[in-house]
Amino acid sequence: MVEGWFAGQGDDFRLLGTRCAACASVFFPREDAHCRNPRCPGGDLEEIPLSRRGRIWSYTDSRYRPPSPYVSNPELPWEPYTLIAVELEAERIVVLGQAAPGVLVANLSVGMEVEVVPGALHEDTETVWTTWKWRPTGVEA
C-alpha cells in the first residue's frame, strides 16, 4: 500500500488527492511540497477525498510483465490485466488504474461509468499489497 494515496473500506474507500488553496488545482497522486500548476504563485495544499466515480477516458490490456517496482513472481507465467484511465466527475482529472477482477477489455467502452474499489495488487503468505481498482457501476465484487 502506498501511504496517503487512499483510505477507507467498502463504500467508504476513496482515493486521496491534494488541492491548492491558491488556484484550486487538484493533484493525484497527491502533492505535498508545492503546487504543480506552473501559472500558480503557490498556496497551501490540503488533502481531499476524490470522487468515487468517473467515466472511462481510455482502456487497454497489459500483455507484458512490467518492470520493478511492480511486484510479480517471474517463476509464474504472466497473466495480462486490464488498465483503465478514468476521468473523475468533480475533479476533471484522469486517474489510471487496473480493472477489478473479472473486468475485461471486451466489457468496457469509452464513457462508461466506473467506480473506485479496493483491490489486491499482490499478495504472499505474509502481506497483501492493497491498491485501487476500477469497476463498472452496478457490478458487485
Residue identified as at pLDDT below 95, closer than 26 Å to Ala120 by Cα and of a type in the set (Gly, Ala, Ser) among Gly10, Gly17, Gly43 = Gly10
Does Leu96 count as on the phi < 0 side of the Ramachandran plot and buried (at least 19 other Cβ atoms within 10 Å of the Cβ)?
-> no
Run Thr125 past the list (1) in contact with a strand residue (DSSP E or B) (Cβ under 7 Å, 6 or more places away or on another chain); (2) open to solvent by 70 Å² or more (accessible area, probe 1.4 Å) and report the number of the one that doesn't hold.
-> (1)
All positions within region 28-49 that are touching a residue at least 40 places away in the same chain (Cβ under 8 Å) and either assigned to a loop (DSSP other than H, G, I, E, B) or open to solvent by less than 50 Å² (accessible area, probe 1.4 Å) (or both) = Phe28
Within region 62-83, restricting attention to residues that are touching a residue at least 12 places away in the same chain (Cβ under 8 Å) and open to solvent by 50 Å² or more (accessible area, probe 1.4 Å), which residue is nearest to His122 (Cα to Cα)?
-> Val71
Within the bounds of region 6-20, is there any residue that is within 28 Å of Pro136 (Cα to Cα), surrounded by fewer than 12 Cβ atoms within 10 Å (Cβ to Cβ) and of a type in the set (S, T, N, Q)?
-> yes
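The values are calculated or read from the model by the stated rules, or taken from the named source; none is laboratory data. Being a predicted model, the structure only gives us computed values, none of them experimental. As a convention, Cβ positions derive from the backbone with ideal geometry for all residues, glycine included, and neighbour counts pool all protein chains shown. In case anyone asks, the SASA skips ligands and DNA or RNA and just uses the protein heavy atoms, side chains included. Shrake-Rupley method; radii C 1.70, N 1.55, O 1.52, S 1.80 Å.
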